[in-house]
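Reviewing the structure listed below.
The values are calculated or read from the model by the stated rules, or taken from the named source; none is laboratory data. Since the model is a prediction, treat every value here as computed from it, not as a measurement. When we count neighbours, we look across all protein chains shown, and the Cβ atoms used for this are built from the backbone with ideal geometry, even at glycine.
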Amino acid sequence: MRNGILVLAIIFALLTLGCNKANKNNNSLSESELLTTDDVISPEAVSTRASASPDYNATVPGIDPKVIKSANVSIEVSDYLNSRQKVDSIVQKYKGYITNEAFQETETQKSNSITIRVPAKSLNLLLSDIAAIAKRVDYQNIYTQDVTDEYIDVSTRLKNKLQVEKTYRRHLREATNIEDILRIENKLAEIRTEIESAQGRLKYINNQVSLSTVSLYLYQKLEYKYIPEKLPGFWQRVKEGFYWGWRGLLWFAVLLVKLWPLWLLSAIGYFLYKGIKSWLKNRKKKNKKNKKLQKKTKDQSEFQEQ
């Protein structure tokens, strides 16, 4: 009886351990499947499903048209200084500011290229006031660029990325495997970079839409006055002649000093030439003297034989 009870207890314990292992395996599999769903591994899946959803447009709030305005203006003025001060007053009047300017003055005109940033709603008023101070308006061109589609696209992508980020953070809280945690954190870093990029682009578009850019070319024509060149007098030319002649002599002397190796080699060559020439001359005289002596000796020998 005791043996039967012991066997039943062992069988019950084995069954209990088997069930626990099966439950653990099932739990691990479900977590693995959870970490490999499209919502976590593929952020684009959320964007695709959101775009395909009938209520997708409802997630994007009403957006006013986003239009970037800019203008190029060239005006001629009668008094540059006075007109330049008026331009500053006009810019301040409409709460704008100057970002860049390049002044230039020649014999024929004074000019300045000025870049102005002004609230878009005040663009036309500012252009009207600038035209009022002009002697003549050469041209005034206004350009518009509709970026509404881009703004909506970036806004939508930003919302989707934020939703995906929430999904990743939820799975990060539920994850227990170190490998899964590291993988989710890497994905979160990538998504955060994309979110910040989209936010920066939206900020830039809003700035360009809210402020218009005016490129103003302001100039005043000047009467050209011919000023004859003043030529130096006779004595001034003589003085300059002595001066430049003396400088030329000094430069020539310096050049001769710089060529001292050439002079040294020339001197050595000259002395070698003179030495060799003298040696050859002496040798020639000696040979001639020896020939005369031999001839005289030969003559004396013949005379004694006779």
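Key figures for this structure:
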read-out	value
Sole exception among (1) free of Cβ contacts under 8 Å to residues at least 40 places away in the same chain; (2) surrounded by 12 or more Cβ atoms within 10 Å (Cβ to Cβ) for Asp180, by number	(1)
Whichever residue in region 207-221 is within 29 Å of Asp79 (Cα to Cα) and of a type in the set (Gly, Ala, Ser) and, among such residues, is surrounded by the most Cβ atoms within 10 Å (Cβ to Cβ)	Ser212
Filter result for Leu158 (free of Cβ contacts under 8 Å to residues at least 40 places away in the same chain and surrounded by 14 or more Cβ atoms within 10 Å (Cβ to Cβ))	no
Condition met for Tyr224 (surrounded by 11 or more Cβ atoms within 10 Å (Cβ to Cβ) and either among the β-branched types (Val, Ile, Thr) or not in a helix (DSSP H, G or I) (or both))	no
Single condition Tyr204 does not satisfy, out of (1) over 30 Å from Gln109 (Cβ atoms); (2) surrounded by 13 or more Cβ atoms within 10 Å (Cβ to Cβ); (3) within 32 Å of the chain's Cα centre (by Cα); (4) not β-branched (Val, Ile, Thr)	(2)
For Ile191: the one exception among (1) without any contact (Cβ under 8 Å) to a residue 40 or more places away in the chain; (2) under 30 Å from Ala175 (Cα atoms)	(1)
Lone unmet requirement of (1) farther than 24 Å from Pro65 by Cα; (2) exposed (fewer than 12 other Cβ atoms within 10 Å of the Cβ); (3) out of contact with any strand residue (DSSP E or B) (no Cβ under 6 Å at 6 or more places or on another chain) for Asp138	(3)
Number of the condition not met by Val46 [criteria: (1) at pLDDT 90 or above; (2) farther than 29 Å from Tyr143 by Cβ; (3) of a type in the set (A, V, I, L, M)]	(1)
